[in-house]
1. Using the structure shown, decide if Glu38 is at pLDDT 85 or above and out of contact with any strand residue (DSSP E or B) (no Cβ under 6 Å at 6 or more places or on another chain).
2. State all residues of the stretch 97-113 that are out of contact with any helix residue (DSSP H, G or I) (no Cβ under 6 Å at 6 or more places or on another chain), open to solvent by less than 100 Å² (accessible area, probe 1.4 Å) and modelled with pLDDT under 90; if no residue qualifies, say none.
3. Need the failing condition index for Leu118 against (1) exposed (fewer than 10 other Cβ atoms within 10 Å of the Cβ); (2) assigned to a loop (DSSP other than H, G, I, E, B), just the number.
4. Quick one: which residue in Glu90, Glu63, Glu58 is open to solvent by 100 Å² or more (accessible area, probe 1.4 Å) and of a type in the set (Asp, Glu)?
5. Pick from the stretch 66-87 the residues that are over 30 Å from Arg45 (Cβ atoms) and of a type in the set (Gly, Ala, Ser): which of them is least open to solvent (accessible area, probe 1.4 Å)?
6. Look through Ala74, Ala27 and report the one residue that is at pLDDT 90 or above and not charged (D, E, K, R).
7. Of Leu80, Leu94, Leu65, which residue is in a helix (DSSP H, G or I), closer than 18 Å to Pro39 by Cα and either at pLDDT below 85 or hydrophobic (A, V, I, L, M, F, W, C) (or both)?
Amino acid sequence: MENVRLWVLLLALTCFAAGLSAGMTLARPSATPVRFDEPFAEYRRAFQQRFQLEPERERLFGELLRNYQRDFDASRERVLAASRSQLEPELAELGLRYRQLIRDHVLPPARRDEFDQLAREWVPIR
């Protein structure tokens, strides 16, 4: 009874265990658990709750969402690859502009030569 820290720790663990067991008891299980690493997991969960699909239709819906995400990613990669030649010079110019703004407006004048020296030594990431 003399060690207050032990009693506080015991009370905290008891509250944690009570909350965990209450959460597991009161949680409504869904027909198909939604994994949050799946594409559109929140949309899929909300869709399932709204329309209460049969298990076979839920499986089909999940497959369609995975295929949509795969096709979406492939399209995005294709467009980025095609426009990379236009994008690289624009990003290089943007980087130079912001480097100049940082040099002129963030750094005190006494530290700008040091920054310029470091900028000359840095190699662009490719």
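1. When the stated conditions are applied, Glu38 does not pass them.
2. If the condition is that a residue be out of contact with any helix residue (DSSP H, G or I) (no Cβ under 6 Å at 6 or more places or on another chain), open to solvent by less than 100 Å² (accessible area, probe 1.4 Å) and modelled with pLDDT under 90, then Arg99, Ile102 are the ones that fit.
3. (2)
4. After applying the criteria, what remains is Glu90.
5. Ser83
6. Of the residues listed, the single one that is at pLDDT 90 or above and not charged (D, E, K, R) is Ala74.
7. Leu65
The values are calculated or read from the model by the stated rules, or taken from the named source; none is laboratory data. Remember, predicted model here, so these are calculated numbers, not experimental data. Glycine also receives a Cβ, built like all others from the backbone with ideal geometry; neighbour counts cover every protein chain displayed. The accessibility values were calculated without ligands, DNA or RNA, using every heavy atom of the protein model including side chains. Shrake-Rupley method; radii C 1.70, N 1.55, O 1.52, S 1.80 Å.
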